[in-house]
Amino acid sequence: MQVFPNQLGDILKEGIAPIYVTGGSETVIEDEASREILVAAKADGVEDHEILRFDSGSARGRAKKMEWGGIFDELAESSLFGSRKLVEVRMRTAAFDDAAAARFETHASEPASNVLLVRLAGLDYRDKRKKWYGQLRSSRHVVLIVVDDLNREQSAQWLQSKSEALGLKLTKQAAEKLSDFCEGNLLAARQELDKLQLVMEEGVTVDVNDIDLADASNADMMEVVDAVFDGNAAQISRKLDALANQGRSSSRHELGTLAMVTQVLTLAHAKIVEPNTTIPGYQRRRVDSLISRHGQAGIEKLLVECAQFNSMFLGMARGDAANLLRNLLFAIAGAQGSELEQQYPWRMIDRTIS
């Protein structure tokens, strides 16, 4: 059966299906739907997650078909640890055919403890005319989630939903303005929400007049964050100096920047500890660069230093915020060894009790 992404949560509450198929032109929402399935499967007792990537090309440029026999044999087996598992297959629609859809229906109708998630890349209107697509839509056992391009109203609704997860509340008019600016590109829209999170108080309602997409301080702070994960120390220094010289740096910007780099460090650490951890698509490049640059021990040290730096904003310590943040960002970028441990004479709680 086919369900829309906004219906997926309710469907998952009814129980985990044996097979899920996702695809469509809006890859950001397809990625969210796949992660929602993974989270629900884990809550249902699925402990292992295996990813299989299938290249549908050939030496002559022709599409080759997936051999599903091995996949279903894999599903029939228990994991190495005797627990339930989810097998995720990433492939092109060119490798999918009517026989595969028929195999899906047969397999899904039989009792099974393991779960299959198939993520189809390149799914478009031509695929929707094929027999296999109709088979999946009408199946009682296979859940099909197809995400097409969103219209203006749908894009605005998605932005409002995402903003709430970031602690913001976008009005309808503000979400529409943001959607228009990004021209329907949800990845760009998600990055614009990150910019807003840097400068807006948590829980505040963001009206259309609060959104200044040309605001230089927002843009510069995002460029600082990008430079950190690109390992570009010169760019970090230039942007921080420009913000300070123009009087556009503030504790709110500093705290927002700290929150963003801490979030990516936390994701990177989670992926090292548990390789099957699902990472949001727009953060994967950053996470991979951190893991390659620092490894587990380095990332753990940086997380401790982020927590120490954050203590200052909680009123538990004193220090030169601008200088400490600069050195922390340089350390994350890998430009130099961190010296923050030697710069924390203020780490002791300093309070006056009357």
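When you scan region 161-214, how many residues do you find that are in a loop (DSSP other than H, G, I, E, B) and modelled with pLDDT of 75 or more?
8
All conditions but one from (1) under 21 Å from Ile37 (Cβ atoms); (2) modelled with pLDDT under 85; (3) within 22 Å of the chain's Cα centre (by Cα) apply to Trp158; the one that does not is (2). Within region 106-137, the residues that satisfy the criterion of being among the polar types (S, T, N, Q) and in contact with a strand residue (DSSP E or B) (Cβ under 9 Å, 6 or more places away or on another chain) are Ser113, Asn114, Gln135. If you go through region 173-189 and keep only what is surrounded by 20 or more Cβ atoms within 10 Å (Cβ to Cβ) and within 25 Å of Thr262 (Cα to Cα), you end up with Leu186, Ala189.
Does Gln160 qualify as being among the polar types (S, T, N, Q) and outside the structural domain of Val206 (by TED's automatic domain parsing)? Against the criterion (among the polar types (S, T, N, Q) and outside the structural domain of Val206 (by TED's automatic domain parsing)), Gln160 does not qualify.
Right, Leu150: of a type outside the set (Val, Ile, Thr), modelled with pLDDT under 85 and either in a loop (DSSP other than H, G, I, E, B) or buried (at least 21 other Cβ atoms within 10 Å of the Cβ) (or both) or not?
Against the criterion (of a type outside the set (Val, Ile, Thr), modelled with pLDDT under 85 and either in a loop (DSSP other than H, G, I, E, B) or buried (at least 21 other Cβ atoms within 10 Å of the Cβ) (or both)), Leu150 qualifies.
On inspection, Arg140 does not qualify as in contact (Cβ under 8 Å) with a residue 60 or more places away in the chain, outside the structural domain of Leu196 (by TED's automatic domain parsing) and crowded, with 19+ Cβ neighbours inside 10 Å.
Take Arg326 and tell me if it is at pLDDT 85 or above, surrounded by 14 or more Cβ atoms within 10 Å (Cβ to Cβ) and among the basic types (Lys, Arg). No: the conditions fail for Arg326. Count of region 13-32 residues, restricted to those that are touching a residue at least 60 places away in the same chain (Cβ under 8 Å) and not in a helix (DSSP H, G or I), is 11. Just name the residue that is farthest from Asp44 (Cα to Cα) out of those in region 84-104 that are in a helix (DSSP H, G or I) and in contact with a strand residue (DSSP E or B) (Cβ under 7 Å, 6 or more places away or on another chain). Restricting to residues being in a helix (DSSP H, G or I) and in contact with a strand residue (DSSP E or B) (Cβ under 7 Å, 6 or more places away or on another chain), the top hit is Thr93. When every residue of region 66-79 is checked against the conditions, none turns out to be outside any helix (DSSP H, G or I) and modelled with pLDDT of 80 or more. Which of the residues belonging to region 12-57 are under 18 Å from the mean Cα position of the chain (by Cα), buried (at least 17 other Cβ atoms within 10 Å of the Cβ) and of a type in the set (Ser, Thr, Tyr)? Result: Thr22, Ser34.
Part of a strand (DSSP E or B) and touching a Gly at 6+ places or on another chain (Cβ under 7 Å): is that true of Leu116 in this structure? Criteria not met by Leu116.
Residues in region 287-309 that are of a type in the set (Phe, Trp, Tyr) and either within 19 Å of the chain's Cα centre (by Cα) or not in a helix (DSSP H, G or I) (or both): none. Residue pairs whose Cβ atoms lie under 6 Å apart, sitting 6 or more positions apart in sequence or on different chains, and linking a residue in region 1-12 that is closer than 18 Å to Leu136 by Cα to a partner that is charged (D, E, K, R), are Gln2/Arg137; Leu8/Glu36.
Taking the numbered list (1) surrounded by fewer than 20 Cβ atoms within 10 Å (Cβ to Cβ); (2) at negative phi; (3) modelled with pLDDT under 80 in turn, Gly247 passes all entries but (2).
The values are calculated or read from the model by the stated rules, or taken from the named source; none is laboratory data. None of these values were measured; they are calculated from a predicted model. Here the Cβ is made from the backbone with ideal geometry for all residues, glycine too, and neighbour counts use every protein chain on show.
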